[in-house]
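In what follows, a single structure is set out as structure tokens and then discussed.
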Amino acid sequence: MSQAASPSTSATPQKPAAAAAQPTRRWFILSWFQAAWLAFTATMTAWFLWTLRFLFPNASMEPPMTFKAGYPDQYEDDKVVERYKEEYGVWIVRLRTPKGVEIFALSTVCTHLGCTPNWLENEQKFKCPCHGSGFMKDGTNFEGPAPRPLERYRIVLADDGQILVDKSRKFQKELGQWDDPEAAIRFS
Ligand code: FES
């Protein structure tokens, strides 16, 4: 004789709808909270690392401020030497003037807005590709918008007789600084 199963033993217990939805909603809220917290942590870490960068000098990335550039007799009169342009941002020029011969180190930074001019051997001038400023072989500006001559760096003879260029000190013609004994190596 078959017996009808009693409701208490055969039916699967049903959770109320609200109770079933609860874990999903909790998970959703939790994941948003975690995402927000992760984003905040990542932002703070990035900010901290960015700040940390300024606490340490960038010395290893920069070329040295001083370098030796051979002996004066390795330079020809009235020639612009471009050998140090790429690495140090310097042209070395040996120039014959009415007062004698001088060797000086010119900055390759245009005094208009900081572009790098090119030395044009055929035209015997430095020409800036950005807005057309022109500079004579001694660095004096003569055309275009550049408001002043190129700057010169300190240049002296080292103990071993080599030319030593020191970029930590600059000389500006418009301030009368090109007459400084260390603005050029001079020979009579
Ligand atoms: Fe050289 Fe403007 S930056 S002319």
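The values are calculated or read from the model by the stated rules, or taken from the named source; none is laboratory data. The model shown is predicted, which means the values in this text are computed figures rather than measured ones. Note that each Cβ is placed from the backbone with ideal geometry, even for glycine, and that neighbours are counted across all protein chains shown. Each accessible area value is taken on the protein alone, full model and side chains, heavy atoms only, with ligands, DNA and RNA left out. Shrake-Rupley method; radii C 1.70, N 1.55, O 1.52, S 1.80 Å.
Maximal additional length on extending the Cys115-Lys127 stretch stands at 3.3 nm, based on 0.36 nm per residue less the C-alpha distance. Please name whichever of Cys110, Pro147, Tyr75 sits farthest to the positive end of the charge dipole of the stretch 58-188, dipole taken about the Cα centre and charges placed at Cβ: Lys and Arg +1, Asp and Glu -1. My answer, from the dipole projection, is Pro147. Stretched out straight at 0.36 nm per residue, the stretch from Glu82 to Glu143 would grow longer than its current Cα-Cα span by 19.8 nm.
Backbone amide hydrogens, once placed in the peptide plane, bring Lys79 within less than 5 Å of Arg94, excluding anything fewer than 5 places away on its chain. Our coupling estimate for the stretch 179-188, obtained by passing each phi through the Karplus curve with A = 6.51, B = -1.76, C = 1.60 and θ = phi - 60°, is 7, 4, x, 9, 7, 6, 8, 10, 10, 7 Hz, Gly and Pro reported as x. Rounded if a/c is under 1.5, else prolate if a/b is larger than b/c, else oblate: which is the stretch 46-178, with a ≥ b ≥ c the root eigenvalues of its Cα gyration tensor? In terms of gyration-tensor shape, oblate. Accessible area ranking (1.4 Å probe, heavy atoms, ligands and nucleic acids excluded), largest first, for Lys68, Lys99, Lys85: Lys99, Lys68, Lys85.
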